[in-house]
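Taken together, the values in this text are just the output of simple stated rules run on the coordinates, not laboratory data. Being a predicted model, the structure only gives us computed values, none of them experimental. Neighbour counts run over all protein chains shown; Cβ positions are idealised from the backbone, glycine included.
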Amino acid sequence: MVAKAEKNIRKQEFQARREEIMWLEQSLMKDLQPHLELEYRVEGDEPLLVLLVGDLHIGSAATDYKELEKLRDFILNDEEITVGTGIGGEPITFNTANVRIIFLGDEIEGVKPKYLTTNVMSLTMDLQEQLNYFRDKFLKPLADAGKVIGMVSHYWGHPGWALEATTLDPWALLAESADVETILNGGRVKFVFENGQESVIETRHNPTASSKFDPLHGARESLLMQSEPIRPDGSASAHIHRLAAGKEHHAGAANSMFMVSSGTAKSTNKELPVDQFGVRLGKPYTTDNGFTSVIMTPPVGRYKKRSKRIEHTPLPSLRHASVAQRGLELLNQTEKGGITRELKEQILETFGKEPEIDIVEGESVESPAVMERIPKGKVLEKLRGNGFDEADLEREEVYSKLKINIKTELPILLQFIANARFGSDGQTEGFHKVNKFQRDYIIKNPYAVVLYLRSLLDNSAGKLPNRRQVLEKTARFISRSEDKGLALLLDSSLRNDDWKRGEDPIAPGSFLSREADIPLIHHLSQLQLFVGPEAALPYTLSVLDKLGHHGSFSKPSFGLRRNYDLYMHKKPGIVVGGHMPNAGTQMFHDGTNPETEYPTLVAPGWWARNVDTAGKGNVSPGAPPGQATILFPQEKSGDHLVYPTSSIEESNLLFDAFLLLVGLEKMGLMESVQSDKT
């Protein structure tokens, strides 16, 4: 019995020691594990530009190393800019030092013998040289300058090949050598600003899901699966070599969310060898070039009254990032100095109170199709016999291509008004809200213009006994914008056969066109907007009514992208429209586009209280409206520059920033001085 008791005691002691060792091992492994959430404290309250970059593939013969050097130099290039003096005589200056980077993975090509022809034979460096090159040329210089927030690690990917084959951890080696933090794949970075505000980005290399047509599918799925109180502000991923940057408002959600899918530096230059792996999978010879980012802008000055939240602006390229960063930092400083309004007035006094807008109907293309149906035959004869005035049945031209000259030295804010549902019941229609919006943000902004898109009238408006009064109210609403109204979409609501029935038939679109003096366009029409003092190249904008059965309830821009891919044969720079409940914007990469490498998609939100296009069983609120685009003047080839905005607040913020930036630069009031980096 004694021996058995001693044996049990020894067994218990062994189990206790084993558990202690296990707990120590767990604690050690947890300590060595990359961050599940990395907290990054932001000094000051200036806008912060965070580059979200993956898939550098250092070591591959297909990698464009000159583009990588541009990326590094962009981050290290701190510049101080002076813009006059504040109210108290103090100088107003800002700098471009507020740039950071998060590496999203596959910084090196790695080595995998299994991929002999697609990997090993395409290498220009062995594994050690790849690590050394990335560390010495990029990671350490950026880390020493305080620019690196962290690296996403421990995912299935190119650096992981070495870990799987040898247990040698390349992420740990790089992090230790450059003193940077690693973030577990799917982990979060929490930015804490000095004013206490926080912003959270979910970061990963491999997206949680993929779509053949939508690069942001995985990032969106990950965000939507998380309950909103703990949902990050945005998500960034890489791996698929398909670039996109988007921001969305989903119906019922309290906040918007942004997403980016990083491009790559591999197989982006036709002057270099192509990526053999991609080619053998049937992929295009070139992949999506560009370095994505997001600018976080804390509210400042008068803008605090409009929004208390940090504004997140996702961007597809270094050029977009550079211009936006300069503009937003400039606005931040002029607000602090109390001179924003004074500078804006000075700019408008110099360049004109408003642009010159000329709708060039003679160089536009009319549609050969009959777009509005009217009574014919015996029905029309009976109406004539009753003394009906046929003037209401006269049909105006509807344009398939509409050329518009907008002569301006300054950027233009192109607003989209859709989904107001005039003529629906008083609890549903959005007349009062959109009327106030048009007054405050279009009529009062001299450099704002507007397109009137689908569902301005409710689909049932043609059945109303007071339908003419509804049309007259709509015509007065459009007329208030005067020449700011560029075009009106003859959508399915205006083409409904209800309008030709009854004792007072009318061609509603033509009536609105005459009364409001605005041209008509149709589904898939293209507008050519020549923006600039002497613009030779247009911004081509394609307009959609519905989405041809390509719409998605959860992906606002999906139907726009499929229409762009399948039905727009000369690709436009901007696509806008759609009828789905959610709203958002997306920029993606298309190297074949004749206007820009980064086309823009805009899915407008809803002014009406409820969505009318989801079926009777799916009556629900729509996403918030206010989406727009900012168009910069095009004075020469390569000037094409578009910024989509996803809300009224973001539109105001970015447009004011760009108005100041372009205006002050052209007036010669911005003195740029290279800072001393020693």
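Just the C-alpha atoms of the stretch 579-667: what Rg/Rh do they give, with Rh taken as the Kirkwood radius?
Rg/Rh: 1.10.
Between the alpha-carbon centers of the stretch 465-493 and the stretch 577-638, tell me the distance in whole angstrom.
After rounding, the separation between the Cα centres reads 21 Å.
What list do you get for MET587, MET667 if you sort them by fewest beta carbons within 10 Å?
Starting with the residue having the fewest Cβ neighbours, the order is MET667, MET587.
Which order results if MET259, MET580 are arranged by neighbouring Cβ count within 10 Å, fewest first? The partial results should precede the final answer.
Values: MET259 29, MET580 26.
In order of increasing Cβ crowding within 10 Å: MET580, MET259.
Using Cα atoms only, what is the angle between the long axis of helix 340-351 and the major principal axis of the chain, expressed in degrees (0 to 90) to the nearest 10?
Result, in degrees: 50.
Pairs of alpha-carbon atoms within less than 8 angstrom and 6+ residues apart define the contacts here; what relative contact order does the stretch 414-549 have, in percent?
Computed value for the stretch 414-549: 21 percent relative contact order.
Sorted by average packing, counted as other Cβ atoms within 10 angstrom per residue and highest first, what order do 368-378, 420-430, 485-495 take?
So the peptides 368-378, 420-430, 485-495, ranked by packing, come out 485-495, 420-430, 368-378.
How big is the Kirkwood radius of the stretch 251-302, worked out from every pair of different alpha carbons and given in Å to one decimal? Walk me through the numbers on the way to the answer.
Numbers: mean 1/r = 0.0690 Å⁻¹.
Taking the inverse mean of 1/r over all distinct Cα pairs, the stretch 251-302 comes out at 14.5 Å.
Highest mean first, how do 651-657, 331-337 rank when packing is the count of other Cβ atoms within 10 Å averaged over residues?
Numbers: 651-657: 24.1, 331-337: 22.0.
Descending mean neighbour count gives 651-657, 331-337.
Determine the percent antiparallel among the DSSP beta bridges restricted to the chain, to the nearest 5.
Around 55 percent antiparallel, to the nearest 5.
Report Rg (one decimal) and Dmax (nearest whole number) for the chain, counting Cα atoms only, units Å.
Every Cα atom of the chain included, Rg and Dmax give 28.6, 121 Å.
Please order MET670, MET121 by the number of other Cβ within 10 Å, starting at the fewest. Each step should come with its number before you reach the end.
On the way: MET670 18, MET121 10.
Fewest-to-most Cβ neighbours within 10 Å comes out as MET121, MET670.
I need two numbers for the stretch 32-338: Rg to one decimal and Dmax as a whole number, Cα atoms only, in Å.
Over the stretch 32-338's Cα set, Rg and Dmax evaluate to 19.7, 68 Å.
Near GLY186, within a Cβ-to-Cβ distance under 12 Å, what is the net charge of the other residues, with Lys and Arg +1 and Asp and Glu -1? Present the calculation step by step, with values, prior to reporting the outcome.
Details: positive: ARG188, ARG204; negative: GLU37, GLU202.
Once positives and negatives cancel, what remains is 0.
The stretch 321-357 to the stretch 179-232: how many Å between their Cα centroids?
Taking the Cα centre of the stretch 179-232 as reference, the centre of the stretch 321-357 is 33 Å away.
Send over the Kirkwood Rh of the stretch 300-397, from the inverse of the averaged 1/r over different Cα pairs, rounded to one decimal Å.
Roughly 20.1 Å, rounded to one decimal.
Given 5 Å bins starting at zero, what is the percent of C-alpha pairs of the stretch 212-368 in each, up to the one with the largest pair distance?
1, 7, 12, 13, 13, 12, 12, 12, 11, 6, 2, 0
Could you work out the helix-only [θ] at 222 nm for the chain, with each DSSP H run of four or more residues adding -39,500 (n - 2.57) and the total divided by the number of residues, to the nearest 500 deg cm²/dmol?
-8500 deg cm²/dmol
Among the listed pairs LYS147/LYS247; LYS407/LYS666; LYS140/LYS666; LYS70/LYS636, give every one whose C-alpha distance is greater than 27 Å.
Correct reply: LYS140/LYS666.
Local charge sum around LYS403 (other residues, Cβ-Cβ under 11 Å, Lys/Arg +1, Asp/Glu -1)?
-2
Would you kindly state how much longer the chain becomes between MET29 and LYS190 on full extension, computed as 0.36 nm times their sequence separation minus their alpha carbon distance, in nm to one decimal?
55.7 nm
Give the separation of the Cα centroids, the stretch 293-315 to the stretch 433-448, in Å.
21
Restricting to bridges with both residues inside the stretch 32-338, how much of the DSSP beta-bridge set is antiparallel, in percent to the nearest 5?
In the stretch 32-338, DSSP labels about 50 percent of beta bridges as antiparallel.
What net charge do the residues around ARG501 carry, taking every other residue with its C-beta under 15 Å from that of ARG501, with Lys and Arg at +1 and Asp and Glu at -1?
Neighbour charge sum, excluding ARG501 itself: +3.
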